[in-house]
Amino acid sequence: MFCGCIAGKTIQKCISTIKKAQADGANLIELRIDYLIKKEGLKKIISSCPLPIIATNRKGDQKILIDAINHGVKYIDMDINEINTQVLAFAKKKEIKVILSYHNYEDTPPEKELLNISKTIQQKGADIAKIIATPQSQYDNTVLLSLYSKTDFPLIAFGMGKTGMQTRLDCLAHGALWTYCSVDKNKTAPGQISLEQAKKKKLYCVIGNPIAHSLSPVMHNANFKSLNINAGYVGVQVTNLERYMNTVISRGLSGINVTIPHKVEVMKYLDEIDPLAEEIGAVNTILNKDGKLIGYNTDGYGAMLAIKEKMKNTEGKKIIILGSGGAARGIYFTLKKHKADVLILARNEEKGSKIGKCIKLDDRNLKTQLENADVLINCTPVGMNSNESIVPKEYLKKEMVVFDIVYTPIKTRLAKDAESIGCPVILGYKMLAYQGAQSFKIWTGLDANIPTMTDAVLAKILPNIALVGFMGTGKTSVGKRLAENMNRTFIDLDKEIEREAKLSITEIFEKYGEAHFRKLEKNMLKKTLSKNRQVISCGGGIVLDEKNRNLLKSYLVVLLKAKPETIAERLKEDNDRPLLKLNNEEKINKIKQILDERQYFYNDVADYSINTDNCIPKEIARKIIESINNDYVTN
């Protein structure tokens, strides 16, 4: 739902703006009484409005809200720091919904603190909690939107300012009761979008639990942008499917993707189901067609297109599917329609048999069935973010097409084993892109930009690379070489801090102290999260801050190491820092001490560890690329 914010100074201005809000599609109105010069005109304004009204008074005596209640508003809004108990009691007596609001105009507190604020709001007698903060990064936006999955209490939470602007619409997909929009040029909060803008933008999402791993948002948003479509797509963690689906229409969602564990259960909330999806028994795509929810399944379609890249005709081919989940269902029925000879091997044979022909997934059956299989498809999660494979390498054969639908890492252990013996290999991100493209066509009737979608997925799976380690280990020189070799942008975090602060690192420490520097460092690190394909050289002490370590887990982190003697030798000409003004023996001992103190934190964030002793930057960069290529495909 969309709430039009009315901030007129005169009675006539308020009435005319309400009429415009109604014409522009507002579902309710927030009347900002504090903007109104003559408060005695309140009754006339409220009585003229056909839409439900939220009465808000951010300045002055909150008792005027009693007048608003008597004149017929449906909601009142008070800041949690300015609650008038008399007004609160009167609202409860009159059965008027009370919104208690928290506003932070500086930054976004941690999730735990925001959840405690939500609890406080509930305890103070609210019917609805409103939590508004000022994000400084995409991470802060994520924190705000995560609140919806952590509470069952009616909630409105989004961000202010330029960075938080996207959350004003995204919050609807996550479960916000409504969002606030300006009706004319009078915006009542920083970053507020107009009602006209909000209504024009289409909103899509993927629902699941968990959902943070999903690459669908980055893939679909890249596609929308490339085709100049005014739309947004977000991932939503849904723990209570019934509650979520019962409010889909009111939130204005144009389409939904569905992932684990909701693909089957979601069917009972739909008005119509495509015959193939009905046969499969699972839905992964929902179209909102004029308020009618129609379910489809594009998993099999996506898998089929991926398979056709390696095998043009599947008719009569023996295809082994491992697993009996939602994806296996879609793939099985689609392959059967293409007259393939399909067999499921599942640990839960009873569950697999409900899909189709199935036998027990055990070592004996696996070895026997793969002896004459044409295609192997892994639909289990084995291999996801691990180095495991569900299939022993010796069971594979050269002429077999091997398809692993797992796409993190891009190249799983199964895919690597198959590739090493010459099998044609299909990687999971191909199916992801193809099924997403078909969902897009169902929603819009248009063909998707598939190359853009796959590029977006790859850019996300191959994350930014952060180089950490003590000063003198070569982070800057190696980072520049690595960025050049990988066609990425190089960022020196310390140089960016100096550029923004207009002070050197030494001057920042001397003038403001280390705590201030760490705050600047954290903010700069957050900024880098919003861009892809970067190599970032980090300061030696960045790992000392727990929030920085958590942020670094979004990167591919390479720890550069060197002996204290090597570091001392490399830094002998640098006298800018206090540590470097010691004699050589004292310097080496001090380096040893600091390395010992930091080693645990370095190891905590590192994905790879590279020794830089007796190596030039070119060689170190080559080592890093070789290490990454063992786990990722960079094409």
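Brief remarks follow.
- Filter result for residue 73 (in contact (Cβ under 8 Å) with a residue 24 or more places away in the chain and part of a strand (DSSP E or B)): no
- With respect to the conditions (1) under 25 Å from residue 151 (Cβ atoms); (2) crowded, with 24+ Cβ neighbours inside 10 Å; (3) without any contact (Cβ under 8 Å) to a residue 40 or more places away in the chain, residue 283 lacks only one, and its number is (1).
- A search for C-beta distances below 7 Å between a residue of region 26-49 that is closer than 23 Å to residue 196 by Cα and open to solvent by 10 Å² or more (accessible area, probe 1.4 Å) and any residue that is of a type in the set (S, T, N, Q) and modelled with pLDDT of 95 or more, counting only pairs 6+ apart in sequence or on different chains, returns 32/56.
- For region 295-308, the tally of residues that are assigned to a strand (DSSP E or B) and open to solvent by less than 10 Å² (accessible area, probe 1.4 Å) stands at 1.
- Candidates are the residues of region 6-23 that are touching a strand residue (DSSP E or B) at 6+ places or on another chain (Cβ under 7 Å) and surrounded by fewer than 24 Cβ atoms within 10 Å (Cβ to Cβ); the one that is nearest to residue 186 (Cα to Cα) is 7.
- A single member of 154, 135, 110 is surrounded by 24 or more Cβ atoms within 10 Å (Cβ to Cβ), over 17 Å from residue 233 (Cα atoms) and of a type outside the set (A, V, I, L, M), and it is 135.
- Residue in region 538-547 that is more than 19 Å from residue 602 (Cα to Cα), at pLDDT 90 or above and crowded, with 18+ Cβ neighbours inside 10 Å present: no
- Each residue in region 290-309 was checked for being over 26 Å from the mean Cα position of the chain (by Cα) and over 28 Å from residue 360 (Cβ atoms), and 6 pass.
- Test result for residue 321, surrounded by 22 or more Cβ atoms within 10 Å (Cβ to Cβ) and in a strand (DSSP E or B): yes
- Checking each residue in region 145-195 for being within 16 Å of residue 21 (Cβ to Cβ) and acidic (Asp, Glu) picks out only 184.
- Residue check for residue 408: of a type in the set (Ser, Thr, Tyr), open to solvent by 20 Å² or more (accessible area, probe 1.4 Å), within 19 Å of residue 302 (Cα to Cα) and in contact (Cβ under 8 Å) with a residue 40 or more places away in the chain: yes
- Flag if residue 29 is out of contact with any strand residue (DSSP E or B) (no Cβ under 6 Å at 6 or more places or on another chain) and either closer than 22 Å to residue 187 by Cα or of a type in the set (Val, Ile, Thr) (or both): no
- Considering residues of region 210-240 that are closer than 12 Å to residue 149 by Cβ and surrounded by fewer than 21 Cβ atoms within 10 Å (Cβ to Cβ) only, the residue farthest from the chain's Cα centre (by Cα): 240
- Number of residues in region 377-405 that are crowded, with 21+ Cβ neighbours inside 10 Å and under 27 Å from the mean Cα position of the chain (by Cα): the value is 7.
- Which numbered condition residue 148 fails, given (1) under 21 Å from the mean Cα position of the chain (by Cα); (2) among the hydroxyl-bearing types (Ser, Thr, Tyr); (3) modelled with pLDDT under 90: (3)
- Remark: residue 148 falls outside the filter, which requires a residue to be among the aromatic types (Phe, Trp, Tyr) and either farther than 22 Å from residue 239 by Cβ or open to solvent by 80 Å² or more (accessible area, probe 1.4 Å) (or both).
- Top-ranked residue in region 468-524 [being under 31 Å from the mean Cα position of the chain (by Cα) and on the phi > 0 side of the Ramachandran plot; ranked as modelled with the lowest pLDDT]: 487
- Cβ-Cβ under 8 Å pairs, at least 6 apart or on other chains, region 264-280 side farther than 18 Å from residue 332 by Cβ, far side open to solvent by 80 Å² or more (accessible area, probe 1.4 Å) and assigned to a loop (DSSP other than H, G, I, E, B): 269/246
- In region 157-192, residue modelled with the highest pLDDT [restricted to those that are of a type in the set (Ser, Thr, Tyr) and open to solvent by 20 Å² or more (accessible area, probe 1.4 Å)]: 163
- All positions within region 219-246 that are aromatic (Phe, Trp, Tyr) and either on the phi > 0 side of the Ramachandran plot or without any contact (Cβ under 8 Å) to a residue 24 or more places away in the chain (or both): 224
- Number of the condition not met by residue 78 [criteria: (1) outside any helix (DSSP H, G or I); (2) surrounded by 20 or more Cβ atoms within 10 Å (Cβ to Cβ); (3) within 19 Å of the chain's Cα centre (by Cα)]: (3)
- For region 497-524, a residue qualifies if it is open to solvent by 50 Å² or more (accessible area, probe 1.4 Å) and either touching a Lys or Arg at 6+ places or on another chain (Cβ under 9 Å) or of a type in the set (Phe, Trp, Tyr) (or both), and the qualifying residues are 509, 512.
The values are calculated or read from the model by the stated rules, or taken from the named source; none is laboratory data. All values reported here derive from a predicted model rather than from experimental measurement. When we count neighbours, we look across all protein chains shown, and the Cβ atoms used for this are built from the backbone with ideal geometry, even at glycine. The protein model used for the area step is the full one, side chains on, heavy atoms only, and it has no ligands, DNA or RNA in it. Shrake-Rupley method; radii C 1.70, N 1.55, O 1.52, S 1.80 Å.
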